[in-house]
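The values are calculated or read from the model by the stated rules, or taken from the named source; none is laboratory data. Just so it is clear, the structure is predicted and the values come from calculations on it, not from any experiment. Glycine gets a Cβ as well: all are built from the backbone with ideal geometry, and neighbour counts include every protein chain shown. The area values use the complete protein model at the heavy-atom level, side chains included, leaving out ligands, DNA and RNA. Shrake-Rupley method; radii C 1.70, N 1.55, O 1.52, S 1.80 Å.
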Amino acid sequence: MASRVEIDEDSDTNKGSMWVLDQKLDQPMDEEAGRLRNMYREKFSALLLMRLAFQSLGVVFGDLGTSPLYVFYNTFPHGISDPEDVVGALSLIIYSLTLIPLLKYVFVVCRANDSGQGGTFALYSLLCRHANVKTIPNQHRTDEELTTYSRSTFHEQSYAAKTKKWLEGHASRKNALLLLVLVGTCMVIGDGILTPAISVLSAAGGIKVSSPGMKNDYVILVAVVILVGLFSVQHYGTDKVGWLFAPIVLLWFLLIGGIGIFNIWKHDSSVLRAFSPVYIYRYFKRNGRDGWTSLGGIMLSITGTEALFADLAHFPVSAVQIAFTTVVFPCLLLAYSGQAAYLMKYHDEKTVLQAFYLSIPEKIYWPVFIVATLAAIVASQATISATFSIIKQALALGCFPRVKVVHTSKKFLGQIYIPDINWILMILCIAVTAGFKNQSQIGNAYGTAVVVVMLATTLLMTLIMILVWRCHWILVLIFTGLSLVVECTYFSAVLFKVDQGGWVPLVIAAAFLLIMYVWHYGTLKRYEFEMHSKVSMAWLLGLGPSLGLVRVPGIGLVYTELASGVPHIFSHFITNLPAIHSVVVFVCVKYLPVYTVPEEERFLVKRIGPKSFHMFRCVARYGYKDLHKKDDDFEKKLFDNLFMFVRLESMMEGCSDSDEYSIYGQQTERSREGLINNNGNTIGSTADLTISSVDSIVPAKSPLHANNTTSSSSQLSMQNEIDELEFLNNCRDAGVVHILGNTIVRARRDSRFYKKIAVDYIYAFLRKVCREHSVIFNVPHESLLNVGQIFYV
C-alpha cells in the first residue's frame, strides 16, 4: 500500500493540472492553441509587412550595417601593394555577404526561430522539446500540453528517430551539446563587448583635428565618452527612443549606398568585375599566405549576422527577408564597391586607414559623420540588448547565476536590463577600446568571436534540420557542408591572428564559460540531491493527519526544486522543529524550454495525501522570456489558483456518479463517463481528468452504494468545499511563512583538486554574490524561514 502511494505521487500519468481541469469544464482550447502556435506564420497584409520590414532595420541590421566603417582597413592594415588586390577583396566580400547573411541566415537560420525568438539558446530550446537532451530532468508530461510547447513527431525507423536515440543514449552527448551552446553564448557575450568598441571607435575616427599626431587620443577619448553615455542610459530601456532607430539606420543605408554609387561613377567603375568569382582565385594565387590571413579582415563584412538572428525578436521572418533583400544587401554591396573604386585610385596605408571617411564628398562629410555615429550607437545598442536577452535565457535554463533582471517596457516582453552585466560590459568595453588603441587588433578579436558563434549555430542547425524540420539527409549534408567549408576557412584565417588581438574574445569566453558551466554543474547536483533524498509518501502518510506534529495556524510555503515528491528540507525541518503550519504548500518554480508560458497556464495545483492533511503542491512554470515581477502578484496568483483548484475538485466530486477511485487516484472508466454525461449535460469534450489529478487518497466504495448516495454526496461535497475554503482563508489571514532551503554544496575530501576549486570556491563564491530566491520572489524578511543543509558531491 505504501509503495503504491509513492508511485502515485511520482507517476507520469497523473497530470494534476488546475488549468487542465478548468479547460475540461469550460471549453476546448484547440482553436486558441492553434492561433498561438501559428501566430508567426500568419499572412500579413502588404502594408503591415512593409511597416514591420522598416522597423526591423533599426533592431536587426544595425550591427551588419556599420561594417563598412572598418572592413578595408582590417583587410589591408599595411596598405595595398597591388590595386588588383582591391578587386579580389571586394569579390570575397560580395560572396561572403551572399553565402552567409543572405542564403544561410536570412533564408534558412531565421526560419528556425522559437516562436519569434532567436539565438543559440532558442535553438537549444527547440532541440530540448524534440529530444530528451536537457541535463536537468525536471519536465513532466503536462508541460507538453502548453499552447506554446510545439513539437513534431516522427516515425520510429526514421533518420530523425535514430538521431534522437543517439543523442539521448549517453549523458556525455547531452553535456557536449550543452557545452556547444554555452560556447556560442559566451562568444555572443564577447560580441556584446567588442561591437560597441569597434563600431564607436570607427565612427569616431572621422573626427578632424588640427594636430594629426593627437588625433588617435582624441578619437579614443570621444569613443570612451560615447560608450560611458551609452551604457549609463541602458536602465531607461529603448522603448521611448526605439522609434528613432529604424529611420537612423534606413538613412545610414541610403547614404552609404548613394556614396557608393557616386564613388563608382567618379573613380573606377571597373571594380564591378569583382562579381566574377575568378578574382578570388587570382587574389589567393597572387598573395599566398598573406591573402589567406587577410580573410580575418574580410570576415568583418559579415559581423552582425549572428546578432541578426539573436535580435530577431517578434518580427516575422518575411519582414526581415524583405528588409535585407531590398535595402540592406544592395546598399552594402554599393558601399563596399564604392570604397573599392576609391581605393583603386588612392591605395596608400594612410588612405586605407580612413577609406570610408575619405571617400565621402566634402559637402556632406559632417552630416554623414553624425549619421555614422548615430548608426554605431544603434548597432551597439542592438548587440547590448542581444547580450541581455541571451543571458536571461541562460539564467532561465540554469546556466547562469541569478542576477537582477529589470523589465524596461510595459509593451514589449523582450526589452530587459541587467544592471550587473551592463556595468561589466561597460568596463570591459572601455578596457578594450583604450587598451588596444588600434582598430586592427580589435577587428581581429571581433572576427574570432563571430566565427566561433557561426560554427556553433551551424552544428545546432544540423540537428534542427534533422529533428525539427525532418529534412532529407542530402539537404542536411549540403547545408552543413557548405556552411562548414566557408566558416572553417575563416576560422583558419583568424587563428593566425590570435596573438594580434584574437586572444581577447577567447579569454572573455573562457571566463564566462567557466562561470556558466560551474553554475550549471552546481545546480544539477543540487537537483540530483533533492531527487535522491526526497521523502517517500509512505513516511508522510504514516504520520497521520497531524503529521505527528503540532499544526499551528497559518500557511507554510515550502520552496523546492522538485515537481513531485516531498523535499528533504521538509523532513529536515520537522525533525528539528516538530511543528508545522495548518496548511502546507510545496512550491516548485521551474523554467521550461519554451519562450513563454501563458498566464492562464502557469500554475499546476494538486493535493498531496488525504484532504485531512491539508497539503498541496503548486508548480509555477515559466518560459525563458518570462520575468518574475517584483510585487505581490506571485503569492496572490498562487493562492487564487489554489482556491480555484479546491472549487474545481469539489465540483468534479459532485458531478460524478461514483466516488470509486483506485489507490493511484485514477478514476474508473465508469465514473469518467458519469462526469461527461451527468444528467445528460456534457461537461467537456474530452473530460478525462477528474479529481484523479490531485493525488488524493479516497476510500473506495461499492458502485451500488455510490449510486444510492449521489445527491447526498453532491451536497456533502459542496459543504466540504465551503468548509475548506473558509479554513484556507482563515489560515491565510493567520499568516504566510516562506520556507526556503539553503543547500550548501561541498566537494568530498577525496575529490580531485580542480573539483574542489570549482565547487568549494568558484560555485560557493557565485552563490554568495548572486541574488537569493527570497529577493526574486519578493519575500518579506519577517516572513522568511531558511532551512540550511549541506551535502557533498
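Brief remarks on what is shown
- Pairs where the first residue, in segment 469-486, is closer than 21 Å to residue 155 by Cα and the second is among the hydroxyl-bearing types (Ser, Thr, Tyr) and not in a helix (DSSP H, G or I), C-beta under 8 Å, 6+ apart: 470/152; 470/158
- Some residue of segment 286-304 being within 24 Å of the chain's Cα centre (by Cα), on the phi < 0 side of the Ramachandran plot and of a type in the set (Val, Ile, Thr): yes
Conditions (1) buried (at least 21 other Cβ atoms within 10 Å of the Cβ); (2) at pLDDT 85 or above, marked per residue:
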| residue | (1), (2) |
| --- | --- |
| 313 | yes, no |
| 320 | yes, yes |
| 323 | yes, yes |
| 365 | no, yes |
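- Residues of segment 490-530 satisfying the condition of being open to solvent by less than 50 Å² (accessible area, probe 1.4 Å), within 21 Å of residue 744 (Cβ to Cβ) and not polar (S, T, N, Q): 516, 518, 519, 520, 522, 524, 526, 527, 529, 530
- All of 153, 163 fail the test of being free of Cβ contacts under 8 Å to residues at least 24 places away in the same chain and either in a helix (DSSP H, G or I) or surrounded by fewer than 22 Cβ atoms within 10 Å (Cβ to Cβ) (or both), apart from 153.
Let's see how each residue does on (1) at pLDDT 90 or above; (2) open to solvent by less than 50 Å² (accessible area, probe 1.4 Å); (3) in a loop (DSSP other than H, G, I, E, B); (4) in contact with a helix residue (DSSP H, G or I) (Cβ under 8 Å, 6 or more places away or on another chain):
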| residue | (1), (2), (3), (4) |
| --- | --- |
| 176 | yes, no, no, no |
| 201 | no, yes, no, yes |
| 216 | no, no, no, no |
| 256 | yes, yes, no, yes |
| 262 | yes, no, no, yes |
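- Residue within segment 441-454 that is modelled with pLDDT of 85 or more and outside any helix (DSSP H, G or I) present: no
- Listing of helices (runs of 4 or more DSSP H) fully contained in segment 317-390 that carry 2 or more residues being closer than 19 Å to residue 439 by Cα: 329-345, 349-353, 355-358
- Qualifying residue in segment 570-578 (condition: open to solvent by less than 30 Å² (accessible area, probe 1.4 Å), among the aliphatic types (A, V, I, L, M) and free of Cβ contacts under 8 Å to residues at least 40 places away in the same chain): yes
- Total residues in segment 733-758, condition in contact with a strand residue (DSSP E or B) (Cβ under 6 Å, 6 or more places away or on another chain) and on the phi < 0 side of the Ramachandran plot: 12
- Among residues of segment 580-605 that are closer than 18 Å to residue 535 by Cβ, those with a beta-carbon under 9 Å from a residue that is among the polar types (S, T, N, Q) and part of a strand (DSSP E or B) at least six positions away or on a different chain give the pairs 586/560; 587/560; 588/560.
- Qualifying residue in segment 240-247 (condition: at pLDDT 85 or above, buried (at least 18 other Cβ atoms within 10 Å of the Cβ) and part of a helix (DSSP H, G or I)): yes
- Filter pass, residue 541 being of a type in the set (A, V, I, L, M), modelled with pLDDT of 80 or more and closer than 24 Å to residue 650 by Cβ: no
- Meets criteria (in contact (Cβ under 8 Å) with a residue 40 or more places away in the chain, part of a helix (DSSP H, G or I) and not β-branched (Val, Ile, Thr)) for residue 103: no
- Subset of segment 737-757 [touching a residue at least 60 places away in the same chain (Cβ under 8 Å) and over 30 Å from residue 781 (Cα atoms)]: none
- Of the residues making up segment 643-659, those that are modelled with pLDDT of 75 or more and crowded, with 21+ Cβ neighbours inside 10 Å are 645, 646, 648, 649, 650.
- Remark: residue 111 matches the filter, which requires a residue to be open to solvent by 40 Å² or more (accessible area, probe 1.4 Å) and either within 18 Å of the chain's Cα centre (by Cα) or within 30 Å of residue 276 (Cβ to Cβ) (or both).
- Residue, nearest to residue 185 (Cα to Cα), within segment 458-475, restricted to residues that are surrounded by fewer than 19 Cβ atoms within 10 Å (Cβ to Cβ) and among the aliphatic types (A, V, I, L, M): 459
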